[in-house]
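Each remark here refers to the structure printed beneath this line.
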Amino acid sequence: MFRRDFLGFSGLALAAMLHKDGYASEDAKWSPPDGKPHHAPKAKSVIWLFMNGGVSHMETFDPKPMLTKYAGKSINETPFKDVQNPEKLKLARVTVINDANGQQRNKLYPLQVGFKKYGKSGIEVSDWLPHTGDCIDDIAVIRSMYTTDDNHGAQTQFHTGRHMLDGEFPTLGAWVHYGLGTLNENLPQFVSMGNREYWNLKDGHYLGPAHDAVPMRVDPANPLDYGKPELPVTAAEQKAGFMLSDKLNKLRTAQYPNDPALDARIKAYELAFRMQKSLPEVLDFSKETAETQKLYGIDRPETKAFGQQLLASRRLVERGVRFIQIQHGAGGAGVWDVHGGLKANHTKNCLAVDQPIGGLLKDLKRTGLLKDTIVVFCTEFGRTPGTQGSDGRDHHIYGFSVWMAGGGLKGGIVHGVTDEIGFHAVEDRHYVTDVHATIMQQLGLDSRKLEIPGRKRLDIDHGTPIKEIIA
Amino acid sequence: MRLIAISLLLAVPALATAADPVDYRKDIKPVLQERCYACHGSLAQKGKLRVDSAANLLKAGAIVPGKPDDSELIIRVSSGNDETRMPPEGHPLKPEQVAKLKAWVEQGAKVPADDAQEPDPRDHWSFRTPVRPATPKSANSIDAFITAKWSEKGLTPVPPADKRVLLRRVYIDLIGLPPTAAQTETFLKDTSPQAYEKVVDQLVASPQYGERWGRHFLDIWRYSDWWGLGAELRNSQRHIWHWRDWVVESFNADLGYDEMIRQMLAADELYPTDPQKLRATGYLARSYFLFNRTSWLDEVTEHVGKGFIGLTFNCAKCHDHKYDPIKQTDFYQFRAIFEPYQVRTDLVPGEPDVMKDGIPRAFDCNLDAKTPFHIRGDERNPDKDRVVNPGVPQFLNPDGLKITPVKLPPLAYRPGARPEIVEGYRKATEAKIVAAKAALATAIADRTKVTKDTPLPEKKDLLQTEGKLIFKDGFAKPNPDLWEVGPGMWKHEKGKLLQQKPGGERSHLRAKTAPPDDFEAKFDFVITGGDPYKSVGVAFDAAADNEVMVYVSGHAGGNKLQITYKNGASFVYPTDGMLNTPIAVNKPIEVLVRVRGPLMNVSLDGKHALAYMLPISRKPGKIDLVTFAASAEFTGFALRELPKEFELVQVGKSVTKPVLTAEVVEANVLAAERTVIAAEAELVAVTARAAADQSASKNDAKAAAQAEKLHAVLAAELALAQADAELKRTAPAAKPAAEQKRKAAETVLTAAKKAAETPGEAYTPLPGALKTMESNLDTTSKTRPFPDTSTGRRTALANWLADAKNPLTARVAVNHLWLRHFGKPLVANVFEFGRRGTAPSHLELLDWLAVELMENKWSFKHIHRLMVTSNVYRLSSSAVGGDANAKLDSENRYLWRQNPIRMESQVVRDSLLHLGGDLDLTRGGPPVLAAAQEASNRRSMYFFHSHNDHNKLLDVFDNANVLDCYRRTESIVPQQALALWNSRLAMAMSVKINDQLHARLADADDTKFVTAAFEVVLGTSPTKDELATCLEALTELRTALEDVKDAGKRARLQVVQALINHNDFVTVR
């Protein structure tokens, strides 16, 4: 089943290159991954939902009534003044210094939304997220995340585990793509949908562009860049041309035997042809019932765009695509980046994603896919407990929430704690790569075995699986 | 302590016992090497211990053979105590490694007879100056060395490549373009023995050579156009393309590589007044990074090290280098060489606006800037007691750098005094005088026509054209027939339309009626808040992929009026579509936008503000009211057709003034006279300031100060006269504001007169350069004068790098050339010549080439000629008949055949255009912006390319990574197939190639056609099987296309496209 390697031979190409670079020869034991997991996997695929801009943890998954109680008070006037102890703020590694963002805001801002308990677990979820709330018993909420870049470089950081100033590093999706073989030879193994901000444009970095996500649009007529002819040609003509080039390439192997690049190109071209045909079919929702489409909110303008992406994700997962990376919200530094007008912004953004997410989880569950699929809801950082301007919250790196579901993870649990005003993660603190490590673990991968010679990774790059949420 | 160690050992499972003999070479030495040598080997001997041979271990008493429990080595590696455990950094040794070590000691610590300690790092091959090895006899010395290895390894080379294949190879290799059919024909017909050499000479002399090889080195030197957020420059520099052009020109002129290094690192010290050479320091200007000086200089340190001398300084940022004798101090000393430098943009003649053009360059700005020493590489933790002096690693230069400060000539630190710049100022001022005189003549003529009783007919009010109204809305109440509400919080209140979402997202209200092609839109509003941009405007031609927007921004960082347009994914913010102008918050603003074709006029509060020509073709779309990070109240909107006869203001032209009464024309004449006088005084002042700048004499300074102040007086008088005229023109309602203005002008005049009474010696030097901000918090450094001295540090570095005694520079350079000619380098990792890297496959050849380069004036062209005329270069890349070789050398390390090379992305695109006959060979100049790339036929190296903006098609074929690209990736992915099948470019060029073949071959039969198509596209003739396959496909295609007109030609088109999709199109065989 595991076939090496859809996106063209990239492991071998990398091996060849490393060899050329003289790294590999120093480490005789090193060989590129063979596409097989290192240990028995609990999950096959990942749907990675990234909210661009920074979601307020306090108004989504980590309610803090103290904010309302002490609303308008400066933090120093409250019992929580120790949170601003400079020692505790050392985490921040500042990239962009200015007044508009990345500052601590001192005046506590009350919660802008109510919370309700959901499910058997009784976990509290914001009133802005009722559909997610309905699925809470399948979700592990992690309330104790932290990161170090107090500006939107944290978008990259959440994907790569590295601060922007350290340079460019492969994203989690790229590592998974590099490590695991494909389950479907007609589709790319790693796709991205939605808007990527400039902080976070590529994935492969030193693993090479072959490990970048393939950007995809939910448009059956034009799902990929160069996915259909840009000038008129009939399908029959193009097919004949393609068959001819395939035959000619194969004939060349007589003149140029033992040419791995030629062999790889033949394979890549065949795959391209299949991909061009398969993707429109994946994106043709006409086979989905009206009920399913409604479940994802495709019938409503507010939820349609994200709903379509999530329904496409389910159809991709069903067909064995490994990693689907969706970025929600464009504009400036990301649509969730709510320096002002929090209530209106989060009401609207939550509305846009909530029903699709609820729909996705329910649909994955009823089709049995959830047990093999990890769904991750994440963002670059949280928001400040204090107010920015009159009605906004600034970036906040010291404590924020993400959640994960499916793929052998526990549901209906909360892991980690922030202090009473949601400032610092205080128990079971997790850096972003712990999320990566958990996913790698469930996919059967050992990130240390994927390391390539000459690119020694740090312990913090690997992270540690969050064992408390693993079933 | 001992107890813990033992108990831990006991806990280790029986992974190795005394019964299993331990292999020192396999099990012991590699572990010690990986985990211990850095501190206890040839580089360092902490605790006076070396563990790099058994003898050393015994000498230090670290092991007692047969007694592991008494051996300090075993005790320390198995210690459970973090304080004493070795190694101190990283994870402990694995239990099985400890067990092996223990068993090895237990078994008597046996080692092979040849066990030896690590050699002295200074003896590493690449750290010793190369000397020319004796050359075995051969026509081409390269072949002599290669042949020697073949015999040594028992390899037999494959036959030479076919002539066509060779020709295509050398063309692409040297100029980045395949030969045309005619060029191939000429070569094949030339039977002289020097036919090939002639081609090589032509190619090396061709201007495309500099583009091809310049681009290779721009990879290594990290060329990047600027990027930022909106207009904010964050990385690299605007107009950095001047450096790119310098690179191309330098390669074409065969400037010695030593001199290239000197100019790139230190032209500002070596040639401080030569703008052509100063372009070279774009190399340093490119590394500019707004937000973090440490990142900026880290990158410079890393890439000067990797790029010029193949040393990985970056490994020593946090700790001493683990492999090479580079101390952590060396990293910071190397950085200190660059510490004083900053970036500025020197004006170019005729363009006083550095946003539009200018030469970005390095200069030493902060001469006494201290370099911090970061403990463990942590920027937040500098060692305050440590003084870091500039220098290079001691092992490479025991005598230290000889640094001599450079006294700069005045024109270097007063760049405004450069004669060509002064001339520019003079010309601009003279033009002002001419224009002022013409305006005066008009004003006088107007005066003669106007008397009190017969004012000139009033010209049309700018705000009241008579275009047909499409719709208007006073926003008294919601009007769902007119508007579709988009994102944002829109509501009607007290007869106004409010947008109350001040957040960072764009909000809009979209008109249900789309405007006609030529239209005018007027809207009235008040910006009530928002953060940070406070932008309000109108967007038109709005659709998924295109849009034009006009907005005003009350951003505290810079109020402005801006036109921006989107073409594809990103917005372009043209500088000539921007006007810095005050935009008030909480005050009514009226914006009027007029559009005819690409020409746009924008008026602010009834006054013409900006004329702009869109550089893109317009596409129809909707019109939106837009806010961005702003809350606002709208009070009116009107959309009209733009009347055909209405004259828009052309770009660069001024507006005709509307009302002319006798009083006004009289005031206009006075103002016009004052304009002439002020301009003449300006010319005097410019001349005097230039003279003072150039002579630096006190008397000249006095004269300049006097002239400048006199000009200030006359300029103030002009302003007053203009205010007078304005007041007379103004309608009664606006008189008070105009009065205010006039009063302000009077105050300025009084002050100017007072200043002119005591002119002194201080004058303003003519601006000749603008410094780039040192960081986003820097508000002051822009106005500081430039220092008259440079530290000389970079000159010292450049001289050291370019010295024939430097063991690394020439070796690293010839290795880069070899890589690109032969597909594989001689030293496997092109940026790692230290001990971590691998030894060269042909050390003598590398050294011979390095010496040959240095002894031939560091001429790259000389080395290219040697390489491409060697026999080994001309070998086939086929492995046919090489089975025996493959067994001995499967990786072709010893070049028994050529290596096939995947074309770089630029070559793929350029070749397509070239074969289609469409390539535009214009050289140099500003880069082609993203929006214009689809329509451009320029060579790909001229496309705007930065961290943020890259061309989609070029990306598919592994475009250069602007951060780090010592070697292009050669990926093989399905998107490449999709691009070559489906992209407009590939499809259009297939059609052109097909057309050309038909035109050339007239009524050729399929066989002739297919043969010619192979020859043109792939540079080979088809084999019998290939031909047959094509003929078969053609027959099938013709049947399928039976009903189509021109079926024969269309069928052949698919053959052409199949060949473009052939592996050997994107491959240099």
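Mind checking the alpha-carbon convex hull of chain A and giving the volume per residue in Å³?
Details: hull volume 71.6 nm³, N = 471.
Looking at chain A, the number lands at 152 Å³ per residue.
Applying a DSSP loop filter and a limit of 12 other Cβ atoms within 10 Å to the trypsin sites (Lys or Arg not before Pro) in region B:675-772 leaves nothing.
Working from label points 7 Å from Cα in the Cα-to-Cβ sense, the residue B:743 to residue B:434 distance is 4.2 nm.
Loop only per DSSP, at most 14 neighbouring Cβ atoms within 10 Å: give me the trypsin sites (Lys or Arg not before Pro) in region A:424-471, ordered by residue number. Provide the component values of the computation, followed by the final result.
Numbers: sites: A:429, A:448, A:449, A:455, A:456, A:457, A:467; in loops: A:429, A:455, A:456, A:457.
Answer by residue number: A:455, A:456.
The residue among A:453, A:147, A:187 whose Cα reaches farthest toward the positive pole of the charge dipole of chain A, with charges on the beta-carbon of Lys, Arg, Asp and Glu, is A:187. Placing a label point 7 Å from the Cα of residue B:148 along the Cα-to-Cβ line, the residues of region B:848-888 whose backbone N sits under 15 Å from it are B:848-852.
The mean count of C-beta atoms from other chains within 10 Å of the C-beta of residues in B:1056-1062, rounded to a whole number, is 6. Excluding the site residues themselves, the longest part of chain B lacking any GluC sites (Glu not before Pro) in a DSSP loop with at most 16 other Cβ atoms within 10 Å is B:90-378. When the charge dipole of chain B is built from unit charges on Cβ atoms (+1 for Lys and Arg, -1 for Asp and Glu) and taken about the Cα centre, the candidate among B:489, B:21, B:583 whose Cα reaches farthest toward its positive end is B:583. Counting other Cβ atoms within 10 Å as a rough exposure proxy, the listed residues B:766, A:364, B:801 run B:801, B:766, A:364 from fewest neighbours to most.
If R0 equals 45 Å, the separation of the Cβ atoms of residue A:107 and residue B:512 corresponds to a calculated FRET efficiency of about 0.55.
Return the calculated 222 nm mean residue ellipticity for chain A, to the nearest 500 deg cm²/dmol, obtained by summing -39500 (n - 2.57) across DSSP H runs with n ≥ 4 and dividing by the residue count.
Values: 13 runs with 151 residues, N = 471.
When only DSSP H runs of four or more count, the value is -10000 deg cm²/dmol.
Dipole magnitude of chain B about its Cα centre, charges +1 at Lys/Arg Cβ and -1 at Asp/Glu Cβ only, in debye to the nearest 20? The partial results should precede the final answer.
On the way: 140 positive and 135 negative charges, 207 e Å.
In total the dipole reaches around 1000 debye.
Taking 12 Å as the cut-off, the amide N atoms of region B:910-932 that come nearer than this to a point 7 Å along the Cα-to-beta-carbon line of residue B:995 belong to B:916-918.
For region B:924-1069, the percent of C-alpha pairs falling in each 5 Å distance bin, counted from 0 to the bin holding the largest distance, reads 2, 9, 15, 18, 18, 13, 10, 8, 5, 2, 0. Sequence neighbours fewer than 8 away in the same chain don't count; with that in mind, list the lysines whose C-alpha is under 18 Å from residue B:622. Those lysines meeting the cut-off are B:472, B:512, B:522, B:566.
Checking the cross-link filter: which lysines have an alpha carbon closer than 17 Å to that of residue B:449, excluding same-chain neighbours under 8 positions apart? Straight-line reach from residue B:449, under 17 Å: B:459, B:657. For B:124, B:242, A:39, the sequence from fewest to most other C-beta atoms within 10 Å is A:39, B:124, B:242. With helices as the sole contributors, chain B gives -12500 deg cm²/dmol at 222 nm; each DSSP H run of n ≥ 4 counts as -39500 (n - 2.57), and the sum is divided by every residue. Placing +1 on each Lys and Arg Cβ and -1 on each Asp and Glu Cβ, with no other charges, gives region B:606-745 a dipole about its Cα centre of roughly 340 debye.
Partners of residue A:81 within straight-line reach, counting lysines whose Cα lies under 20 Å from its Cα and excluding those fewer than 8 residues away in the same chain: A:64, A:69, A:73, A:90, A:107. Each 10 Å bin from zero holds the following percent of Cα-Cα pairs in chain B: 2, 8, 13, 16, 17, 16, 12, 8, 4, 2, 1, 0, 0.
Note on the protein assembly as shown: with charges restricted to the Cβ of Lys and Arg (+1) and Asp and Glu (-1), its dipole about the Cα centre is near 460 debye. Taking the alpha carbon gyration tensor of region A:406-467, multiplying each eigenvalue by 5 and rooting it gives semi-axes of 26, 17, 6 Å, largest first.
Counting only the backbone N, which residues of region B:537-579 are under 11 Å from the spot 7 Å out from the Cα of residue B:932 toward its beta-carbon? The answer is none. Just going by the charge dipole of the protein assembly as shown, with Lys and Arg at +1 and Asp and Glu at -1 on Cβ, which of B:626, B:815, B:915 is farthest out on the positive end? Farthest along the dipole direction, towards plus: B:626. Sorting the Cα pairs of region B:1014-1069 by distance into bins of 10 Å, from 0 upward, gives 24, 49, 23, 4 percent per bin. Please label the shape of region B:800-868 as rounded, prolate or oblate, based on the square roots a ≥ b ≥ c of the eigenvalues of the alpha-carbon gyration tensor (a/c under 1.5 means rounded; beyond that, a/b larger than b/c means prolate, else oblate). Note, shape of region B:800-868 comes out oblate. Taking 7 Å steps out from each Cα toward its Cβ at residue B:229 and residue A:116 produces label points 3.7 nm apart.
If you plug the beta carbon distance of residue B:449 and residue B:556 into 1/(1 + (r/R0)^6) with R0 = 45 Å, you get a FRET efficiency near 0.40.
At most 13 other Cβ atoms within 10 Å and a DSSP loop assignment: could you name the chymotrypsin sites (Phe, Trp or Tyr not before Pro) in region B:828-858 that fit? Spell out each step's value before the answer.
Working: sites: B:831, B:833, B:848, B:858; in loops: B:831, B:833, B:858.
When the chymotrypsin sites (Phe, Trp or Tyr not before Pro) of region B:828-858 are filtered for loop state and at most 13 Cβ neighbours within 10 Å, nothing remains.
Sorting A:313, B:603, A:121 from the fewest to the most surrounding beta carbons within 10 angstrom yields A:121, B:603, A:313.
FYI, it's all coordinate maths here, none of it is from the lab. Just so we're clear, the structure is a prediction, and the values are computed from it rather than from any experiment. Neighbour counts are summed over all protein chains in view; Cβ atoms, including those assigned to glycine, are modelled from backbone coordinates with ideal geometry.
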